[in-house]
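Read-outs throughout are calculated quantities, based only on the coordinates presented, and are distinct from any laboratory measurement. Everything numeric here is computed off the predicted structure, so don't read it as measured data. A quick note on method: Cβ atoms are made from the backbone with ideal geometry, for glycine too, and the neighbour counts reach across all protein chains shown.
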Amino acid sequence: MNQATDLADCSAIELLQLYRSRNASPVEATRAVLSRIERLNPQLNAFCHLASEEALTAARASEARWRSGQPCGVLDGVPTSIKDLILTRGWPTRRGSRTVDSNQPWDVDAPASARLREAGAVLLGKTTTPEFGCKGETNSPLTGITRNPWNLAKTPGGSSGGTAAAVAAGMGPLSVGTDGAGSVRIPAAFCGNFGLKPSFGRVPAYPLSPMGTVSHLGPHTMSVRDAALMMNVLKQPDARDWHSLPPDDHDYLAHLDRGIQGLKIAYSPALGYARGIDPDVAAAVHAAVQQLQAAGAHVEQLDPGIEDPLPITIGLWFAGAWAIWNGLSAEQRAVADPDFASEAEQGSKYSVLELHQLTLARGALGAHMRQFMQRFDLLVTPAVAVPAFDARPAGSVPLTPQNMLGWTPFSYPFNLTQQPACTIPCGLTKDGLPIGLQFVGPMFGDALVLRAARAYEMIRPIARPTLQF
């Protein structure tokens with residue numbers, strides 16, 4: 001393979017080692033990634049804003065720092081992208097929506113963007129999202145359909161679909177996404193990469209999500225070590241987010257390779273309520289759990305004793321959509337995604353009493369899961385009940401709760417409980433589509449989730465799709 005292909009397929013940690021040994025430079029790596037983007041993005045539609053010249057300018061500055069032996073941070077020179085829900089200074093953040101005017105000052109970095117910039121990451125551009133991150137597939141009237149690098153006929157999932165597709169295809173080793181009901185883990189599972197939803201507040205947000213305290217930010221990578229490295233950067237507190245957690249001195253890379261010998265794992269193949277689980281998904285997850293057991297974990301098959309919290313998720317989410325809708329003019333509403341308009345319309349029907357009851361039910365769920373996790377180090381489930389389905393335009397199907405999230409019953413509970421959760425590839429379907437394994441940790445157990453995922457990655461390394469387009 002030529003150098004450009006090699007560098008585009010390198011992990012962040014591999015690139016940093018190459019920079020340190022002077023066997024490659026940030027400019028070479030950035031050019032390789034930009035070449036990959038130029039070749040693949042027309043088919044994948046993973047980037048909605050690409051800043052090639054800015055990236056090369058940043059890479060040249062990074063290269064000069066490395067030559068002088070003074071890198072400015074732990075990600076200096078690593079090509080990185082940012083989901084288009086996250087403010088990034090100098091670039092429009094359209095949020096996947098034609099309702100957002102790009103002609104306005106864009107002079108603020110969100111906490112995640114600021115921390116990545118401070119760490120020296122070479123920022124490539126913004127990745128696609130459905131309008132306001134409103135669904136588990138990535139399509140919108142603004143950017144069209146984003147596609148899966150394993151099969152262009154399939155969706156990459158959502159709402160961080162552009163982020164997952166970009167990382168899986170080698171269009172930058174690092175990207176940051178958001179997760180309000182599975183929006184990091186769904187596309188990571190569909191695209192075959194690693195995605196982490198940290199404990200709520202561990203990665204600060206600004207502005208806070210209109211969807212409230214279900215929304216998290218987290219890394220997408222092709223290795224667990226890269227995600228741990230990224231978390232060391234993203235976890236820094238930010239006063240603009242009053243939910244952000246106190247300073248965390250834990251180095252997520254430090255004990256990543258300790259393995260899972262002796263850990264107590266609850267394995268729940270359906271969480272007690274999930275239906276319609278694809279047989280290939282069920283079989284691959286079961287096989288992965290057996291491998292965890294062989295690696296020394298104590299595994300007990302046990303459901304956590306909860307009912308399907310889909311009504312809670314839908315009610316709180318649709319209420320957030322209704323709040324956004326009420327800030328739009330008639331002209332803006334006329335160009336909105338019909339799926340988002342449907343969410344807002346359904347959100348308008350909830351009374352204050354009903355929303356308060358949903359909040360109380362959410363609290364009871366969170367208390368139950370915190371008590372359940374006192375008995376176990378980790379909970380393991382499938383990441384998504386089905387493999388990637390066909391890509392389709394916005395508004396193609398009625399946006400019922402089941403159509404929206406019924407096929408991903410393992411993701412949204414842990415947004416409600418705010419626990420850390422990740423997905424890592426654990427096999428392929430008979431049609432060659434990725435399957436995800438989910439690790440869920442106790443609240444603030446982010447390091448343990450990463451450690452378990454790393455142990456499984458050592459058993460089954462993450463593979464890229466064969467890109468034949």
- [ ] Rounded to the nearest 500, what is the 222 nm mean residue ellipticity of the chain from helices alone, with -39500 (n - 2.57) per DSSP H run of 4+ residues and division by all residues?
- [x] -11000 deg cm²/dmol
- [ ] Could you work out how far apart the two model spin labels at residue 245 and residue 294 are, taking each label as a point 7 Å from the Cα in the direction of the beta carbon, and quote it in nm?
- [x] 3.3 nm
Task: Average silhouette area of the range 112-221, convex hull of alpha-carbon atoms, in square nanometres - done: 6.5 nm²
TODO: Rank-order 98-109, 54-65, 113-124 by packing density, defined as the average count of other C-beta atoms within 10 Å over each peptide's residues, highest first.
DONE: 113-124, 54-65, 98-109
- [ ] Can you check what the net charge comes to around residue 275, using other residues whose Cβ is under 15 Å from the Cβ of residue 275 (Lys, Arg +1; Asp, Glu -1)?
- [x] -4
Task: Rg/Rg_ref, the range 20-166, where Rg_ref = 2.2 N^0.38 Å and atoms are Cα - done: 1.07
Task: Virtual paramagnetic centre 7 Å along Cα→Cβ of residue 101, amide N under 12 Å, in the range 330-364 - done: 332
Open item on the list: Applying a 10 Å radius around every beta-carbon, put 157-166, 362-371, 174-183 in order of their mean neighbour count, most first.
Closed with: 157-166, 174-183, 362-371
TODO: Pull up the cross-link candidates among the aspartates and glutamates for residue 135, meaning alpha carbon to alpha carbon under 16 Å and not fewer than 8 places away within one chain.
DONE: 84, 179, 337, 339, 343, 345, 390
Open item on the list: Between the range 417-432 and the range 252-313, what is the separation of their alpha carbon centroids in Å?
Closed with: 10 Å
TODO: Select from the range 213-244 those trypsin sites (Lys or Arg not before Pro) which occupy a DSSP coil region and have at most 15 other Cβ atoms within 10 Å, ordered by residue number.
DONE: 240
